[in-house]
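Undergrad: Handing you this structure, nothing more for now.
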Amino acid sequence: MVSQVDTQAQESVALPETHGELVIIGGAEDKEGECKILREFVRRAGGLQSRIVVMTVATGLPGEVGEQYIGIFRRLGAEDVRVVDTAHRDDAGDPKAIEDVTQATGIFFTGGNQARITECLKDTELEAMLHKRFSEGAVIAGTSAGAAMMPDMMIVVGEGETNPRREVAEMDRGMGFLPNVVIDQHFAQRGRLGRLLSALAQQPASLGFGIDENTAIVVNGKIVEVIGEGAVTIVDESTVVHNNIEALLPDEDLAFCGATLHVLPSGYKFDLEKRSPIFN
């Protein structure tokens with residue numbers, strides 16, 4: 001049997017109005033020049049009054065990476081910047097780490113390995129506090145691995161520059177800040193359309209977002225805004241009429257028919273409820 005449209009693809013993506021904003025970065029963001037994306041994160045997190053926590057769980061160089069972002073965010077005007085490093089799962093119960101997140105207005109996840117984020121944080125007291133702060137209005141940002149972990153199901157590893165096949169993308173639980181989507185990063189630079197389509201077919205979601213380097217989407221309720229120097233590729237799976245994922249062996253080619261595709265550069269917006277670009 002081949003699969004038809006999945007009803008799960010019709011589920012809402014938009015965030016409740018009580019949530020904070022998400023800044024989801026495709027990786028390799030500018031850290032030395034104007035820092036447009038990181039500047040926007042600081043601004044939305046409270047500007048000069050922001051209290052920022054840098055989560056270094058994904059990286060194997062937490063000290064070096066943490067200090068780098070401390071310097072950047074302080075240069076951009078944030079005086080209160082702290083690092084929370086949960087190198088081990090037990091660290092997610094550290095009262096000091098939980099206190100720092102409790103007080104944060106902006107929480108930034110660095111790049112690295114997205115599997116480390118869920119291995120160390122999923123189903124812990126610190127994860128519960130992250131979601132609580134998000135529901136209270138804190139801004140959650142992430143770059144590269146910190147972007148991949150945003151959905152409820154994330155791409156853990158996968159192959160770029162190839163046509164879609166089942167084996168192209170391996171999926172696992174994400175952190176669930178933006179449900180019913182799939183997010184891929186370094187998108188144009190690493191030729192990842194094939195693995196995004198593979199991920200969407202394996203884990204039916206309303207939308208797939210492929211975010212270029214030094215590019216981000218800012219999610220505020222039902223509205224997504226693109227910022228940065230590249231573009232965002234959006235695949236709407238709700239219009240798919242056919243795929244053959246159920247009949248495939250791992251190395252066999254995927255058919256994916258009827259999807260709607262949008263490519264949005266900086267300044268464009270997208271309505272998550274209507275699944276439609278905003279042109280004015």
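Undergrad: Please enumerate the residues belonging to the range 42-64 that are within 27 Å of Asp123 (Cα to Cα) and free of Cβ contacts under 8 Å to residues at least 24 places away in the same chain.
TA: Correct list: Leu61, Gly63.
Undergrad: Between Glu167, Glu67, Glu79, Glu161, which is in contact (Cβ under 8 Å) with a residue 40 or more places away in the chain and over 19 Å from the mean Cα position of the chain (by Cα)?
TA: Glu167
Undergrad: Give me the pairs, please: first residue somewhere in the range 227-239 and at positive phi, second residue anywhere and open to solvent by 20 Å² or more (accessible area, probe 1.4 Å), beta-carbon distance under 7 Å, and either six or more positions apart or on two chains.
TA: Gly228/Lys36; Gly228/Asn214; Gly228/Ser266
Undergrad: Residue by residue through the range 257-276, note down the ones that are in contact with a His (Cβ under 8 Å, 6 or more places away or on another chain) and either within 19 Å of His242 (Cβ to Cβ) or without any contact (Cβ under 8 Å) to a residue 40 or more places away in the chain (or both).
TA: Selection gives Cys257, Gly258.
Undergrad: If you don't mind, another one. Any residue at all in the range 221-238 that's over 20 Å from Ile37 (Cβ atoms) and among the aliphatic types (A, V, I, L, M)?
TA: yes
Undergrad: Follow-up. Pull up the range 148-183, narrow it to residues that are outside any strand (DSSP E or B) and of a type in the set (A, V, I, L, M, F, W, C), then point me to the one that is nearest to Leu207 (Cα to Cα).
TA: First, the residues of the range 148-183 that are outside any strand (DSSP E or B): 148-152, 159-164, 166-168, 174-180.
Of the ones still in play, those that are also of a type in the set (A, V, I, L, M, F, W, C) are 148-150, 168, 175, 177-178.
Values: Ala148: 14, Met149: 15, Met150: 13, Val168: 18, Met175: 17, Phe177: 14, Leu178: 11 Å.
My answer is Leu178.
Undergrad: Please enumerate the residues belonging to the range 64-98 that are open to solvent by 50 Å² or more (accessible area, probe 1.4 Å) and closer than 26 Å to Ala28 by Cβ.
TA: Selection gives Glu64, Glu67, Gln68, Arg74, Arg75, Arg82, Val83, Asp85.
Undergrad: Here's a follow-up. Restricted to the range 7-35, and to residues that are open to solvent by 20 Å² or more (accessible area, probe 1.4 Å) and in contact with a Ser or Thr (Cβ under 9 Å, 6 or more places away or on another chain), which residue is modelled with the lowest pLDDT?
TA: That would be Gln8.
Undergrad: Just for the range 36-51: of the residues that are within 21 Å of Thr102 (Cβ to Cβ) and within 18 Å of the chain's Cα centre (by Cα), which one is most open to solvent (accessible area, probe 1.4 Å)?
TA: Arg44
Undergrad: Which count do you get for residues in the range 99-122 that are of a type outside the set (A, V, I, L, M, F, W, C), open to solvent by less than 20 Å² (accessible area, probe 1.4 Å) and closer than 16 Å to Arg51 by Cβ?
TA: Here the count works out to 2.
The values are calculated or read from the model by the stated rules, or taken from the named source; none is laboratory data. Keep in mind it's a predicted model, so treat the numbers as computed, not measured. Using ideal geometry, Cβ is built from the backbone for each residue, glycine included, and neighbour counts are taken over all protein chains shown. Please note that ligands, DNA and RNA were not included when accessible areas were found on the heavy atoms of the full protein model with its side chains. Shrake-Rupley method; radii C 1.70, N 1.55, O 1.52, S 1.80 Å.
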